[in-house]
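Input: one structure, supplied below.
The values are calculated or read from the model by the stated rules, or taken from the named source; none is laboratory data. Please read these numbers as outputs of a predicted model, since none were measured by experiment. Cβ placement follows ideal geometry from the backbone for every residue including glycine, while neighbour counts extend to all protein chains displayed.
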Amino acid sequence: MNASRIALVTGANQGLGRALAEGLAARTRPGDLVLLTGRDPQRVAAAAREVAQLPGTRARVEGRVLDVTDADAIAQLAAELRARHGGVDVVISNAVARVLPEDSQSARADEFIDVSNTATHAVLRSFGPVLRPGGRLLVVASSLGTLGHLDARLHHLFDGASLDQVEYAVESWRSSIHNGTAEQAGWPRWLNVPSKVAQAAAVRAVAAERRERDLADGTLIASVCPGMVDTATSRPWFSDYSQAQSPAEAARAVLDLVFAEGVDPALYGELVRFGKALPWHDGTPLVEQDRLLTP
């Protein structure tokens, strides 16, 4: 076990990301470091200060400005943590762009894809190599990330794909949105579906290359579904929130993966929901929901 652990959460100013940072700060040890990251300097500083002052906080908490759409900034932070600390022990990629049901999906596509997908690729590429033995690299996705939620015509783009191939598929999807051919090709109107599938596929791609080595030293790479969470980002999409979790409640299952002793091989590289892997090929296209959205 390392003398001190280094943990990082993206999109940690509020909601689930903030709850994850709070949970890490409470469940790690004195001397460990939790980096709470976000784009806005004032919000990052305020959130880090508030988390550091919570009664249950044990670790050091620092705010770091990080724009996840800037791949160079992600690479620079990973290099810095390797130089200063020899690597990182926990990375939770959680950032997401807020899109409302009444928003034009096509008009918001670039921002949404950049924050959810381009950033996921950059985190995997930059932080995978600096993840210390026994570490955890988790990408927050959703149960919509199983392949069956896409039209069958698109499955070959993600099933068994390498990270380069996933990245190419995402950029092809982006291009088809801009040139007006996305729906004809089978892409759903709702950005969240292909985005989450691509996130899960990217994780699977990286995990496939590292599986034997990571399982030997107790390292976990996975995508995670926290379930329905009552946040400003998700609330507009649901009419019934009676079963929704608070961010703190949703963070617990994710943090249980972080602090679990050893790694269950059945979870490695998979989309994990409440401690169980979701079958990759499950799901059906959400046709009716798609009709309700603005192109």
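Does D114 meet the test of being in a helix (DSSP H, G or I), of a type in the set (D, E) and surrounded by fewer than 16 Cβ atoms within 10 Å (Cβ to Cβ)?
Judged against the criteria, D114 is not a match.
Rundown of residues vs (1) part of a strand (DSSP E or B); (2) more than 25 Å from P188 (Cβ to Cβ); (3) among the basic types (K, R); (4) modelled with pLDDT under 95, yes/no style:
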| residue | (1), (2), (3), (4) |
| --- | --- |
| L255 | no, yes, no, no |
| E261 | no, yes, no, yes |
| T284 | no, no, no, yes |
| Q289 | no, no, no, yes |
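Got at least one residue in the range 14-22 being touching a helix residue (DSSP H, G or I) at 6+ places or on another chain (Cβ under 6 Å) and outside any helix (DSSP H, G or I)?
Checking the range 14-22: not a single residue is touching a helix residue (DSSP H, G or I) at 6+ places or on another chain (Cβ under 6 Å) and outside any helix (DSSP H, G or I).
Moving to a separate point now. Take the residues of the range 1-24 that are touching a Gly at 6+ places or on another chain (Cβ under 8 Å), modelled with pLDDT of 95 or more and of a type in the set (A, V, I, L, M, F, W, C): which is farthest from H85 (Cα to Cα)?
A12
So, in the range 198-222, exactly how many residues are touching a Leu at 6+ places or on another chain (Cβ under 8 Å), more than 23 Å from D256 (Cα to Cα) and buried (at least 23 other Cβ atoms within 10 Å of the Cβ)?
The qualifying residues number 0.
Being of a type outside the set (D, E, K, R), crowded, with 21+ Cβ neighbours inside 10 Å and farther than 15 Å from D256 by Cα is the filter here; which residues of the range 18-43 pass it?
Scanning the range 18-43 gives L33, V34, L35, L36, T37, G38.
Residues are listed down the side, and each one gets a yes or a no for (1) among the aliphatic types (A, V, I, L, M); (2) outside any helix (DSSP H, G or I); (3) within 15 Å of L20 (Cβ to Cβ); (4) in contact with a strand residue (DSSP E or B) (Cβ under 7 Å, 6 or more places away or on another chain):
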position: E50; (1), (2), (3), (4): no, no, yes, no
position: P55; (1), (2), (3), (4): no, yes, no, no
position: D67; (1), (2), (3), (4): no, yes, no, no
position: I74; (1), (2), (3), (4): yes, no, no, no
position: E80; (1), (2), (3), (4): no, no, no, no
position: R84; (1), (2), (3), (4): no, no, no, no
position: V90; (1), (2), (3), (4): yes, yes, yes, yes
position: R98; (1), (2), (3), (4): no, yes, no, no
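Looking at G135, G180, G128, G145 in this structure, which one is over 27 Å from L66 (Cα atoms) and of a type in the set (G, A, S)?
The match here is G180.
Check whether at least one residue in the range 133-144 is farther than 28 Å from A26 by Cα, buried (at least 21 other Cβ atoms within 10 Å of the Cβ) and touching a Cys at 6+ places or on another chain (Cβ under 8 Å), and report yes or no.
no
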